[in-house]
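Scroll down for the structure; my scribbles are underneath it.
Every number in this text was worked out from the coordinates using simple rules, so none of it is lab data. Keep in mind the model is a prediction, meaning the values are calculated, not measured. Here Cβ is always computed from backbone atoms with ideal geometry, including for glycine, and neighbour counts include all displayed protein chains.
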Amino acid sequence: MKSKYLLSGIFPLIGIIVLISFSNSTFAQIGGLSGSKLGALCVDVVDHHKIEFEPAFYTSVSKQRWDNDDHLEDIYGSSDSVIHNTGMAFRFTYGLWDKMEIGASISTDLQLSSFGLRYIIFANEKNGLAAIAGANIPFGNKTIDNSIRLQENIASVGGGAVFSSQFTENLSLDLNAQYMFFLQNTYEQNKGSYFLNADLGYYIFDHQLQFITALAYQSTSFESFDSHVLTLNPGVTIETGNNYIIVLSAPFDIAGKNSNKNAGFLMALTLTFD
């Protein structure tokens, strides 16, 4: 049974690796938490003493980038060379008291990890608000030069807020905003990142299939420039079973500045255990 709080019995619990921008690490945002759609988290949490386990596979390709004037250019000077990025990760999320959940996401190469917490502040059958916090910690599975503080080798922390609204029995919206920053000064002079996510979902076939349109925006500040990217992420959730959900999505960047233009595919399987 679902929590007695927001949207009880309506929202499934799905949590996937958030792919705001393939240009940056897929672990850039708060991880380890469940969701109800694709990129945006929802207010609802995993039920008390239940656990979700989710393997996820993603792949992306990039051959162009936006420059400082928002113009597209080939990354390598021609369209012959491209960047491929493929990986897998696992998420574990545990529910506490029907108002809070804790979780972790870990990449299969054990180099990256994300830890998150969500607490429901307010919720009824139509609307809800929750707070989130977390940390992204690189474990390291390689030789590291500690004198060069690359951001991929430094832990980051942050927090944010989540809002969910149920317009009708089949139509719902999830919104969330996050801010993440590194615990040390980085070689790249990263000053922190803002993330905005919005997912709109509509169910058909008695809540067995959900069509989703998602938008994601990321903004990162550096010492001498800023980087922005806007991503459109269409997808579906297939919910024909009681203890599993299949998630399919195809995110692609549609606008940016000082960032790569990426397109990709993600598949995840969410399993729930008592």
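For Ile204 and Leu269, what does the FRET efficiency come to when R0 = 25 Å and r is the distance between their Cβ atoms, rounded to the nearest 0.05?
Values: r = 21 Å, r/R0 = 0.84.
Efficiency computed from Cβ-Cβ geometry: 0.75.
Which residues in the stretch 205-220 have a backbone N closer than 17 Å to a point placed 7 Å from the Cα of Asn170 along the Cα-to-Cβ line?
Of the residues in the stretch 205-220, 205-213 have backbone N under 17 Å from the label point off Asn170.
Before anything else, pin down the relative contact order of the chain: Cα pairs under 8 Å, at least 6 apart, normalised by residue count, whole percent.
Values: 847 pairs, mean separation 57.6, N = 274.
Taking the mean separation of contacting Cα pairs over the length of the chain, I get 21 percent.
For the modelled label position 7 Å from the Cα of Phe139 along Cα-to-Cβ, which residues of the stretch 69-88 have backbone nitrogen atoms closer than 15 Å?
Answer for the stretch 69-88: 88.
For an R0 of 35 angstrom, estimate the FRET efficiency from the Cβ-Cβ distance between Phe53 and Gln189 and round to the nearest 0.05. Mind showing how you got there, number by number?
Working: r = 38 Å, r/R0 = 1.08.
After rounding to 0.05, the efficiency reads 0.40.
Explain nothing, just compute: Karplus ³J(HN,Hα) = 6.51 cos²θ - 1.76 cosθ + 1.60, θ = phi - 60°, for every residue of the stretch 166-175 in order, whole Hz, x for Gly and Pro.
Working through the residues one at a time gives 9, 6, 9, 4, 10, 10, 8, 9, 10, 10 Hz.
Return the sequence-ordered ³J(HN,Hα) values of the stretch 48-59 in whole Hz as given by the Karplus equation 6.51 cos²θ - 1.76 cosθ + 1.60 applied to θ = phi - 60°, using x for Gly and Pro.
4, 6, 9, 10, 10, 10, 9, x, 9, 10, 9, 8
Using only alpha-carbon positions, what ratio does the radius of gyration of the chain give when scaled by 2.2 N^0.38 Å? Write out the running numbers ahead of the final one.
Details: Rg = 18.2 Å, N = 274, 2.2 N^0.38 = 18.6 Å.
My calculation over the Cα atoms of the chain gives 0.98.
Measuring from label point to label point, each 7 Å out along Cα→Cβ, what is the Asp109 to Asp226 span in nm?
3.2 nm
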